[in-house]
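The values are calculated or read from the model by the stated rules, or taken from the named source; none is laboratory data. Keep in mind that what you see is a predicted model, and the values were worked out from it rather than measured. All Cβ positions, even for glycine, are placed from backbone atoms using ideal geometry, and neighbour counts span all protein chains on display. Just so you know, the surface numbers come from the protein's heavy atoms only, side chains and all, with ligands and any DNA or RNA stripped out. Shrake-Rupley method; radii C 1.70, N 1.55, O 1.52, S 1.80 Å.
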Amino acid sequence: MPPVQVPFPTSSAKGKFAESGGRLVNAFAEKLADGRVKISRPPGVRSIIEVEGRSHCRGAIEINGVALEALNDRLGTITLIGGNYVPNDLGAFAGSETVYFARNNKSPTPDIVAVTDSTAFVVDMSTGASSYPDPDVGSPNSVCFLGGYFIFSYGNSRMRASGLNDTSINTLDTAFAESKPDGLLRVIALGKNLYACGPQTIEIWPNTGNATGFPFSYLDTIPRGIAGPDAIAGFENDWSNAIIFAGGDNVVYRINGNIAEPVSNPSVSKDLERLTDKSGLRAVVYGHEGHAVWALSCDDWTWCYDLATGSWFERASYDRKIWRASACVKCFGSWVVGDDQTGKFGMIDPDYGYEFGDPLIFDAISSTMSGFPARASMPRLDLDIMSGVGTAPGQEPIETNPLVSVSWSRDGGVTFGSPVVREIGAQGKYEQGIRVNRLGTASAKGAQIRVQCSDPRPITLFGGTLQVEAKG
């Protein structure tokens, strides 16, 4: 029989055993100009600072080149001074929920507003947070900034705007999202549009510069709502201007004008459907080398959508089921990641094979190969992996002579055997081949191939072939 191409997926499609279409965990697929598909490790996160004694980044914003962040019950800043990242504690900051930050265009010093736990604050970059100066702000559940105004949202469908580049509140500057009586979970801004997001609908309110009352006017309704207040992202500065959200109907959508276009695959929707409580969903974005990535996490998984390829992959931090990023913001010329469990911050770095110093384990599993003759043997597997990626000098042996682990399942993915280890190739060994002999006898359940790599050097998988021979 001719060699069988190993069907590594271009988009992760996990399932129960043989029904899986293959998985990409800490691995993403990209089509090359010559038609080949390469599977690579996503960028690592290089630590830049750890704020001692603090944990869980609740939110962050860039303010004139400085990162303003909320870590558990404290507020602080990170400043780049002389090549060093310097933290500064701004004091206590009550609450436990996500912090929504916004700033206006006041010159020379902008007003900064934060909303968390249904309470609004103003923030001074030197002295920290204080109560919002106008009590008419009430108890909002989010805030954003657009066209010179802070806009607050409330659970009763109300929106309220501040004064122009000011924190004053006129209770007449109010509007209600009324397409459906579903209340509001969040307001966000992109371009000239304000998006009023509820659990069943998203209303679009462009900036029409109304002379009196609410400065925005209703335009249209998207008949889909967000699954939770943090299940939407894509409006962040320096990203790709593509709002993506997880809907209450267990589908992920991208907003295109006034239309919500589905982008999720069945595996993503299945995971959403199985999630009993969607209020804790958290979406963040980052970019690297032309790839704009939207990541959605809960306590059990992280799914990533790559706008450049239209494909999905999974991301999992070391010894975790999910990606540990709880906030991402563009600052210091890069995407800065806040950790969900520690006081660490790091930068997205495609040339770094770790995540906050921990291994970032590449894991690619093929879909099931089946239809082999009865009692067919699998004498040889050849994998096309970019070789010669070791570096000298480097840490021995993980950088000088990186390794890859190969295992296989003969029962449709129920179990995988003990992996065999092969060298990818030290520096200059560009002809290094990855071959595994004597994989045993194929079963009626089919075979799956798994490739893993924890060493921090680049790993690029182009595919593979499996020799199959019918037994007499």
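What's the number of the condition Y430 fails, among (1) under 24 Å from D351 (Cβ atoms); (2) under 32 Å from the mean Cα position of the chain (by Cα); (3) surrounded by fewer than 16 Cβ atoms within 10 Å (Cβ to Cβ); (4) of a type outside the set (D, E, K, R)?
Of everything listed in (1) under 24 Å from D351 (Cβ atoms); (2) under 32 Å from the mean Cα position of the chain (by Cα); (3) surrounded by fewer than 16 Cβ atoms within 10 Å (Cβ to Cβ); (4) of a type outside the set (D, E, K, R), Y430 misses just condition (2).
I'm trying to understand the selection: among the residues of the stretch 234-248, which are more than 20 Å from E62 (Cβ to Cβ) and crowded, with 22+ Cβ neighbours inside 10 Å?
I244, F245, A246, G247
If we keep just the residues of the stretch 370-407 that are open to solvent by less than 30 Å² (accessible area, probe 1.4 Å) and β-branched (V, I, T), which is modelled with the lowest pLDDT?
V389
Let's see how each residue does on (1) in contact with an Asp or Glu (Cβ under 9 Å, 6 or more places away or on another chain); (2) part of a strand (DSSP E or B); (3) closer than 20 Å to D306 by Cβ; (4) touching a residue at least 60 places away in the same chain (Cβ under 8 Å):
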position: E203; (1), (2), (3), (4): yes, yes, no, no
position: P206; (1), (2), (3), (4): no, yes, no, no
position: G213; (1), (2), (3), (4): yes, no, no, no
position: Y218; (1), (2), (3), (4): yes, no, no, no
position: T221; (1), (2), (3), (4): yes, yes, no, no
position: R224; (1), (2), (3), (4): yes, no, no, no
position: A242; (1), (2), (3), (4): no, no, yes, yes
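Look through D306, D358, D349 and report the one residue that is surrounded by fewer than 22 Cβ atoms within 10 Å (Cβ to Cβ), more than 30 Å from R438 (Cβ to Cβ), touching a residue at least 40 places away in the same chain (Cβ under 8 Å) and under 13 Å from the mean Cα position of the chain (by Cα).
Residue meeting the stated conditions: D306.
Go through the stretch 151-186 and count every residue that is in contact with a Lys or Arg (Cβ under 9 Å, 6 or more places away or on another chain) and not in a loop (DSSP other than H, G, I, E, B).
Going through the stretch 151-186 one residue at a time, the tally reaches 10.
What are the residues in the stretch 326-359 that are within 15 Å of I61 (Cβ to Cβ), among the polar types (S, T, N, Q) and touching a Ser or Thr at 6+ places or on another chain (Cβ under 7 Å), if any?
Scanning the stretch 326-359 gives no hits.
Select, from R435, R457, R410, the only residue that is touching a residue at least 24 places away in the same chain (Cβ under 8 Å), over 18 Å from I39 (Cβ atoms) and buried (at least 20 other Cβ atoms within 10 Å of the Cβ).
Numbers: R435 fails: buried (at least 20 other Cβ atoms within 10 Å of the Cβ); R457 fails: over 18 Å from I39 (Cβ atoms).
It is R410.
Can you list residue pairs whose Cβ atoms sit under 7 Å apart, with the first residue in the stretch 131-147 being at positive phi and the second being surrounded by fewer than 23 Cβ atoms within 10 Å (Cβ to Cβ)? Count only pairs 6 or more apart in sequence or on different chains.
Hits for this filter: G138/Y154; G147/N207; G147/P215.
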